[in-house]
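The values are calculated or read from the model by the stated rules, or taken from the named source; none is laboratory data. As the structure is a computational prediction, the values presented were derived from the model and not from experiment. In this analysis, Cβ positions are derived from the backbone assuming ideal geometry, glycine residues included, and neighbour counts consider all displayed protein chains. Ligands, DNA and RNA are excluded from the accessible area calculation, which covers all protein heavy atoms including side chains. Shrake-Rupley method; radii C 1.70, N 1.55, O 1.52, S 1.80 Å.
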Amino acid sequence: MTQTRQNFTLSVGRNLEYLTNGLKSEAAIILHAGTTQDIAGWQTWLDYFASKGIFALSFGRSGYAGSTNQPGRITLDVAKDVAELSQHLGITKFVNLGLSGGGQHAIATGLDPRSVGVVTVGSLAPFAELGERFYDGMQQADLDEYADALRDINDLIKRFQGWQDGNVADSVAGAELSERDQLAASKPTWKVVLDSCAFTMEKGWDWVADDYSSYLQPWGFDPRDVKVPTVIWQAELDKNVPVQHGKWLAEHMPNNRFDLRAGESHLGLYVNYEEEIMQSAIALLTSS
């Protein structure tokens, strides 16, 4: 069931937009979207968590739709926003789950004393740590995006604006779908996510500078210091966030389970294994 978008004013005066699944609890699963994904792109997951009696919410990082931009944003800044929102909602225990570009931001929340776990799905590893290995195995479209961001963020904005002239789904998922992608494309979550990406782009472009600032700058903390249980989901054939990213996180985070899925793609992992991923977050929340 779709809920109404809500707004919270942070202590610095910025607006943070969020969406809940209609339940209320001191324990919650907090969802961090991938690049271009709107908070409504989590609707099928919010409904699933509600069906299991689990309070869950998604929120918009700075620059997305109704959330005010934050120039120069780094990864840790997002965790600070989540901390304030959690306090506002009376949340005393949480698990943060991040897809793709949301993964590193979910990891940052693992430093919060309220955290009892983190789940990542195709998360980036720190650019500053991987160096040129950051790009190994990455498809050309993503290489071009990072090159734009490093050269001039306005070039990257123009690239994303060009997506609106064609099929947004092709731009996000690729025009040629693998067998696993075709399976994912037959499921409701696939369409919900891609529709939400189109919505993001209709609402403006502040998210581009904010997100790529997070991706390419030092995170503001060391993921080695995140001691809470962490489940790292990684697709073997991911060309958006190649496998060395997940392996780096697994090698350097002290309390993790690395779940590598053979023959799977970036979005395919998220959609084809969605129930298993959601159950891994529920297990962390309810076992503490």
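Numbers at a glance
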| item | result |
| --- | --- |
| Cα-Cα P(r), region 77-132, percent of pairs per 10 Å interval | 25, 50, 20, 4, 0 |
| Dipole magnitude (debye, nearest 20) for region 64-151, charges at Cβ of Lys, Arg, Asp, Glu | 400 debye |
| Derived scalar couplings ³J(HN,Hα) [region 239-255; Karplus, 6.51 cos²θ - 1.76 cosθ + 1.60; whole Hz; x for Gly, Pro] | 9, 8, 10, x, 4, 5, 5, x, 5, 4, 4, 5, 6, 10, 8, x, 9 |
| Rg over Rh [alpha-carbon atoms, Kirkwood Rh] for region 34-145 | 0.98 |
| Cleavage-rule hits, chymotrypsin sites (Phe, Trp or Tyr not before Pro), region 238-288, DSSP coil, Cβ neighbours within 10 Å at most 16 | none |
| Antiparallel content of DSSP bridges confined to the chain, in %, to 5 | 20 percent |
| For the chain, calculated [θ]222 nm from helices alone, where every DSSP H run of n ≥ 4 adds -39500 (n - 2.57) | -13000 deg cm²/dmol |
| Relative contact order computed over region 75-130 (Cα-Cα under 8 Å; 6+ residues apart), in percent | 35 percent |
| log10 of Debye I(q)/I(0), alpha-carbon scatterers only, for the chain at 0.08, 0.11 Å⁻¹ | -0.28, -0.56 |
| Computed accessible area, THR92, all protein chains, 1.4 angstrom probe, square angstrom | 80 Å² |
| Rough spin-label spacing in nm, given labels placed 7 Å along Cα→Cβ, for THR9 and ASN154 | 3.4 nm |
| Length-normalised contact order for region 49-150 - Cα pairs under 8 Å, 6+ apart - percent | 18 percent |
| Whole-percent carbon and sulfur share, accessible surface of region 37-162, 1.4 Å | 50 percent |
| In region 174-229, trypsin sites (Lys or Arg not before Pro) in a DSSP loop with at most 15 other beta-carbon atoms within 10 Å | LYS227 |
| Accessible solvent surface per residue of the chain, calculated while the other protein chains remain in place, 1.4 angstrom probe, Å² | 40 Å² |
| Cβ-derived FRET efficiency at R0 25 Å, GLU236 paired with LEU130, nearest 0.05 | 0.90 |
| Backbone HN-Hα couplings from phi across region 212-221 [Karplus 6.51/-1.76/1.60, Hz, Gly and Pro as x] | 6, 5, 5, 5, 9, 8, x, 6, x, 7 |
| Heavy-atom SASA rank of THR4, THR109 (probe 1.4 Å, accessible area, largest first) | THR4, THR109 |
